[in-house]
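Beneath this line is the structure, given in structure tokens, with notes to follow.
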Amino acid sequence: MTPPLLDARVDLEHVLVVGAVLFAIGMYVALSKKNAVAVLMGIELMLNAVNLTFIGFARFIESPRPIDGHVFAIFVITVAAAEAAVALALAVAVYRHRETIDVDRISLLRW
Amino acid sequence: MVIAFWTLAALTLGAAAMIIVVRNLLHAVLFLILSFIGVAGLYITLSADFVAVAQILIYAGAIAVLMIFAVMLTPRSSRNNAGNFLQLPALVLSGLIAAGAAIVAYETEWREADRGSFDTTAAQIGDALLSPFVLPFEIASVLLVAAMIGAIVLVRED
């Protein structure tokens, strides 16, 4: 008779719920922070949550080519790296002109 | 395995939640790194070894260093990690999204496979990158070059 904790196993639903909560936290950070770098941190958290979901599906779902989820996660990581480089360069460039990267105070495009 | 998964999930989500709470932006970056490492651990529990190593190298290494550089290069902007006027709507919206995704995850009948964990994935990922996914693979390298040149042009002093 094994104790129930050792009998339990990780299911797809558990991975999906962790991914959903991580995505929600990232979305809250991205929407509610003032500093542009903090907004970018939220976006990275959301991308991580999506990657976690990809890996979970690749591990648990019936598929002829289960490794494709991993390949897609690699592509997401690549695009996230490119996006982070450009976005942080933009933040530094905006800071040179405006002395601030508060997204509340960068209002050139506000109508 | 179950204990490792839930410990790493708690580490990841706790570190992500600390990003919201903590007052100093640099501490927020450090908690972000901790969260990235927790996600890499979750990948290992899901037997995705190559993606876990890529996650550590790229996220916890490169992107974290980029973020610390961005924080350090903007010294006179506010460091206090404050929130803006969207806090309450953002809380409601993200709570709704988390609840909706969790309900969908539990209500759907997933077509689950009984194939067990992968043993090693690096060779299979390499094969997949070079035969069915060779065009996106090359486009990704072009994208990285374009992003690098773009970042250099954006911050160049002239």
Checklist outcome for this item: Cβ-Cβ cut-off under 11 Å around B:ALA28, Lys and Arg +1, Asp and Glu -1: the net charge is +3
Next on the checklist: Could you tell me the calculated FRET efficiency between A:LEU109 and B:ILE103, based on Cβ-Cβ distance and R0 = 45 angstrom, to the nearest 0.05?
Outcome noted: 0.75
Checklist entry - So, by mean Cβ neighbours within 10 angstrom, what's the order for A:12-24, B:139-151 with the highest one leading? => result A:12-24, B:139-151
Next on the checklist: Please state the shape class of chain B: rounded when a/c is under 1.5, otherwise prolate if a/b exceeds b/c and oblate if not, all from the C-alpha gyration tensor.
Outcome noted: oblate
Next on the checklist: Could you list B:TYR106, A:TYR28 so that the one with the fewest beta carbons within 10 Å of its beta carbon is first and the one with the most is last?
Outcome noted: B:TYR106, A:TYR28
Next on the checklist: Using helices alone, I'd like the mean residue ellipticity at 222 nm for the protein assembly as shown: each DSSP H run of four-plus residues gives -39500 (n - 2.57), total over residue count, nearest 500.
Outcome noted: -23500 deg cm²/dmol
Next on the checklist: Using Cβ contacts closer than 10 Å as the measure, can you line up A:ILE77, A:ILE25 from fewest to most?
Outcome noted: A:ILE77, A:ILE25
Checklist entry - By count of other Cβ within 10 Å, fewest leading, how are B:ILE152, B:ILE44 ordered? => result B:ILE152, B:ILE44
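Every number here is computed from the coordinates shown, using simple stated rules; none is lab data. As the structure is a prediction and not an experimental result, all values here were calculated from the model. All Cβ positions, glycine included, derive from the backbone under ideal geometry; neighbour counts span all protein chains shown.
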